[in-house]
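The values are calculated or read from the model by the stated rules, or taken from the named source; none is laboratory data. Everything quoted here is computed from the prediction, not taken from an experiment. Positions of Cβ are generated from backbone atoms using ideal geometry, with glycine treated the same way; all protein chains shown enter the neighbour counts.
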Amino acid sequence: MVVLRRYFLITVGLLFAMLASSCAGSSQSAPPSSGSSSTPKDHFNASGNILIADQFNNRVVELAPDGHVVWTFGSGNPKLCNPGPGSIIGLNDAERLSGGLTLLSGTGVPAGSASYPKGCNDNRVIVVNQQGQIVWQYGQAGVTGSGPNELNVPVFAIQLPSRNIMIVDQSNNRVIEVDRNTKQIVWSYGPKSGPGALNNPNSAELLPNGHILIGDENNNRIIEITRDGTIVWEYNQGLSGAAFASRLPNGDTLITDSSHSRVLEVTPNKKMVFEYFTNSDPGTNSAPLPTNAVQLANGAIIISDQFNNRVLIVDPRVEFEYGMLNVTGNGPNQLNGPYTAYVIGDYTGQTPPPATF
């Protein structure tokens, strides 16, 4: 039987207080950061703040407890094509690392969009500090390829305990691990044919058992593979656009089923125990394509509801929303296709970065 949840609206300040409290009890360890428990919650990198990849505004924003922006990187201009220092184009993913560093995946924007009729490539994974300086980069601005130091629509990246960077190189249909120091590819997955072949992969998480959990988006499945590429678990029951997956502390898997506008939780034996639809509110986009959902330590789920242009947090007790429903913008309380969102200091179900970059 699928779990039914009732949702309530509470104040932003109370929500963040709850989230900050839950982060301290997270089942995943978090790296030391400048946002310690004694840091006021309106400061950069404070535990409980929310980090959002605001894709088509070409920026990452960090929200404080009252919802105002305390930090941003990128132009915030949805029409400026300038991949390079100080900018990111088509930001698909933003992950907070140790020491207040931020890992960003810039895909660029394909031709044919309203903002970029001719397209605007980025194809970089970068790490920036609080001052917006790039301290690490893989891929070349505006260059598309599959050779050394080349990417083709990198949609997702995490830092592994080894300090290497794992990148989902979507249009090359591969997941790669890049040595943090040499920038050489030391592991790759993405056979060109057979049952293991990827089709537009969208996410990858390193599991505690050393396996990799991949959102194989256009194959409409989630797969768990070993390092030698053996598929040991697969979920493909009724998915359409398997955008993201994470393994929860209880062993279940949380999946973002994008084209069906829902988030679902399934057990190891593939029984669905929870689902939530993001297109059920009055005034919603009929196909909002949620792209990312992460469970928090307190059991709430933070969702990037992309074409509803909002980030929301839901659980049996709380509903929080940032961004005006189905309204595109770059002003206060406005987003433009947010792709991922995370609560800083809470790595429940995710791959926590090492203590030092």
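Points worth noting:
- Restricting attention to segment 107-137 and to residues that are touching a Cys at 6+ places or on another chain (Cβ under 8 Å) and under 17 Å from ASN152 (Cα atoms), the residue that is surrounded by the fewest Cβ atoms within 10 Å (Cβ to Cβ) turns out to be CYS120.
Each row is one residue, and each column tells you yes or no for (1) touching a strand residue (DSSP E or B) at 6+ places or on another chain (Cβ under 7 Å); (2) closer than 23 Å to ILE344 by Cβ; (3) modelled with pLDDT under 95.
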| site | (1), (2), (3) |
| --- | --- |
| VAL273 | yes, no, no |
| GLN306 | yes, yes, no |
| ARG310 | yes, yes, no |
| ASP315 | yes, yes, yes |
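- All positions within segment 55-82 that are touching a Lys or Arg at 6+ places or on another chain (Cβ under 7 Å) and surrounded by 20 or more Cβ atoms within 10 Å (Cβ to Cβ): ALA64, PRO65, PHE73, GLY74
- Among the residues making up segment 223-250, those that are more than 18 Å from ASN92 (Cβ to Cβ) and part of a strand (DSSP E or B) are ILE223, GLU224, ILE225, ILE231, VAL232, TRP233, GLU234, TYR235, ARG247.
- With respect to the conditions (1) without any contact (Cβ under 8 Å) to a residue 24 or more places away in the chain; (2) of a type in the set (Gly, Ala, Ser); (3) within 21 Å of TYR347 (Cα to Cα), GLY238 lacks only one, and its number is (3).
- Exactly one residue out of SER75, SER87 is over 20 Å from PHE244 (Cβ atoms) and in contact (Cβ under 8 Å) with a residue 24 or more places away in the chain: that is SER87.
- Residue tally, condition of a type outside the set (Lys, Arg) and in a loop (DSSP other than H, G, I, E, B), over segment 117-151: 18
- Search result, residues across segment 184-220 that are part of a strand (DSSP E or B) and under 18 Å from LEU248 (Cβ atoms): SER203, ALA204, GLU205, LEU206, ILE212, LEU213, ILE214, GLY215
- Selected residue [in a loop (DSSP other than H, G, I, E, B) and surrounded by 24 or more Cβ atoms within 10 Å (Cβ to Cβ)] from ILE88, ILE52: ILE88
- Here is the figure for segment 136-161: residues that are closer than 20 Å to ASP179 by Cα and in contact (Cβ under 8 Å) with a residue 40 or more places away in the chain total 12.
- Where a residue in segment 201-212 is within 13 Å of ARG227 (Cα to Cα) and its partner, wherever it lies, is part of a strand (DSSP E or B) and among the small types (Gly, Ala, Ser), with Cβ under 7 Å and at least six apart: GLU205/SER246; ILE212/ALA204
- When segment 330-344 is filtered for residues that are small (Gly, Ala, Ser) and modelled with pLDDT under 95, only GLY331 remains.
- Among the criteria (1) over 20 Å from VAL61 (Cβ atoms); (2) under 16 Å from the mean Cα position of the chain (by Cα), the one ALA297 does not fulfil is (2).
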